[in-house]
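The values are calculated or read from the model by the stated rules, or taken from the named source; none is laboratory data. What you see is a predicted model, and the numbers here were worked out from it, not measured in a lab. Reconstructed Cβ throughout: ideal geometry from the backbone, glycine too, with neighbour counts over all protein chains shown. The accessibility values were calculated without ligands, DNA or RNA, using every heavy atom of the protein model including side chains. Shrake-Rupley method; radii C 1.70, N 1.55, O 1.52, S 1.80 Å.
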Amino acid sequence: MFHINEDYLKLPGSYLFSTIAKKVNAYQSANPDKELIRMGIGDVTRPLVPAIIDSLHKAVDEMADEKTFHGYAPDLGYEFLRHTMAENDYRARGCDIKDDEIFISDGAKSDSGNIQEIFAKDSKIAVCDPVYPVYVDTNVMAGRTGTYDPNTEKWSDVIYMPCTKENNFMPEIPKENPDIIYLCFPNNPTGGSITKEELQNWVDYANKIGAVIIYDAAYEAYISTPGIPHTIYECEGARTCAIEIRSFSKNAGFTGVRLGATVIPKDLKSGDTMVHSLWARRHGTKYNGAPYIIQKAGEAVYSEEAKKQIGEVISYYMRNAKVVYEGLKEAGYDVYGGIDAPYIWMATPDRMTSWDFFDYLLKEANVVGTPGSGFGPSGEGYFRLTAFGSYENTVRAIDRIKKL
Ligand SMILES: *Cc1c(COP(=O)(O)O)cnc(C)c1O
């Protein structure tokens with residue numbers, strides 16, 4: 001007789017975005033004449049750039065010829081992509097990362113979710129609060145988070161590092177030492193970035209206490225402020241304490257194509273055991289890692305032509321971010337983010353709860369955003385808007401909000 005893994009059953013209620021979808025559908029069916037503008041979901045909307053499309057077509061054609069056909073990809077991913085990433089993302093920035101320290105995957109979500117399986121079941125995790133929900137959820141499913149308190153919306157065995165306007169959305173070193181520290185910068189949902197000095201403090205702390213940092217760099221391409229680190233390996237000592245997770249989704253528009261990578265330096269060890277050699281046994285590998293065609297498209301992301309075209313897409317989104325940020329400011333809201341990330345994070349007015357403000361915006365402005373409380377307990381009283389919509393809709397949404 002089969003039984004369910006009880007840790008799966010501990011995940012509270014429904015997923016944030018399904019609750020939003022239900023509310024939006026209910027409102028739309030009751031008000032079919034209203035035109036909703038969606039500024040909630042963290043998915044890109046612009047098409048893949050021509051340089052990427054060309055490389056996809058070429059790779060598809062290679063699959064039609066027995067001389068250039070490709071079957072299973074190699075375990076770590078193709079050398080052409082790992083080498084290009086190591087050169088462009090790391091060595092060009094002075095970071096010592098070797099080609100064979102990069103593992104290609106089908107995206108950051110699966111890697112950031114699966115990586116915890118390497119570590120002991122009794123590891124204590126620390127997370128920024130609020131943050132991308134995958135880190136906590138996957139640790140819940142792994143049975144690592146203790147019990148859930150619906151009043152505080154916290155797990156008993158998770159160390160929450162509040163990121164609020166009081167601390168400029170920067171996590172502080174926790175009082176209790178964690179074993180695994182999840183950091184995500186630029187951050188989803190706050191849009192905040194971390195300075196090199198601040199990140200260096202985390203690296204020094206992790207090395208001192210023997211913790212591992214899992215650094216999610218999904219929004220690295222959006223960094224516009226000079227001096228903000230693009231990778232944790234810009235910090236001295238990161239090779240002995242940090243894993244970095246990268247994605248082609250938000251920078252190059254691969255959310256539907258699927259491509260990511262995880263960097264594990266060979267110096268990251270527990271006793272004599274290299275984490276690197278363990279990740280070689282991860283889920284995915286040949287079977288649901290990224291296909292040849294997609295890895296070729298990933299390589300093309302680094303061509304001069306693609307860089308230019310992708311740069312234009314990012315500028316398009318960041319022009320939206322500016323419209324949202326400045327529009328909300330003008331309307332008198334307390335606004336953050338939007339400079340090094342495609343997310344604008346705002347405090348709800350008059351201490352409204354995040355969900356009350358969600359309902360208010362939906363009904364009064366017909367704008368759909370994301371309640372901050374969905375990203376962690378310290379997100380209560382905040383709200384996220386994204387820059388991924390069309391420019392026209394972004395301008396219209398902000399005009400509607402300004403008129404409230
Ligand atoms: C969107 C997002 C991801 C997911 O990336 P995929 O490569 O599409 O799986 C990972 N981390 C953060 C913080 C994200 O916002």
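The residues in region 229-241 that are part of a loop (DSSP other than H, G, I, E, B) and open to solvent by less than 20 Å² (accessible area, probe 1.4 Å) can be counted, and the count is 4. Among the residues making up region 1-56, those that are charged (D, E, K, R) and in a loop (DSSP other than H, G, I, E, B) are LYS10, ASP33, LYS34, GLU35, ASP43, ARG46.
The set of residues in region 376-389 being open to solvent by 10 Å² or more (accessible area, probe 1.4 Å) and either touching a Ser or Thr at 6+ places or on another chain (Cβ under 9 Å) or assigned to a helix (DSSP H, G or I) (or both) consists of PRO377, SER378, GLU380, GLY381, TYR382, GLY389. Among the residues making up region 247-276, those that are of a type in the set (A, V, I, L, M, F, W, C), touching a Lys or Arg at 6+ places or on another chain (Cβ under 9 Å) and near the ligand (Cβ under 10 Å from one of its atoms) are PHE248, ALA261. Tell me yes or no: at least one residue of region 340-360 is open to solvent by 30 Å² or more (accessible area, probe 1.4 Å) and within 25 Å of the chain's Cα centre (by Cα). Checked region 340-360: at least one residue is open to solvent by 30 Å² or more (accessible area, probe 1.4 Å) and within 25 Å of the chain's Cα centre (by Cα).
Screening GLU326 on (1) away from the ligand (no atom under 16 Å from the Cβ); (2) under 20 Å from the mean Cα position of the chain (by Cα) shows it passes everything except condition (2).
Annotation: of all residues in region 199-228 being β-branched (Val, Ile, Thr) and assigned to a helix (DSSP H, G or I), the one that is most open to solvent (accessible area, probe 1.4 Å) is ILE209. Looking across region 277-308, the residues that are modelled with pLDDT of 95 or more and open to solvent by less than 20 Å² (accessible area, probe 1.4 Å) come down to TYR292, GLN295, ALA297, GLY298, ALA300, VAL301, ALA306.
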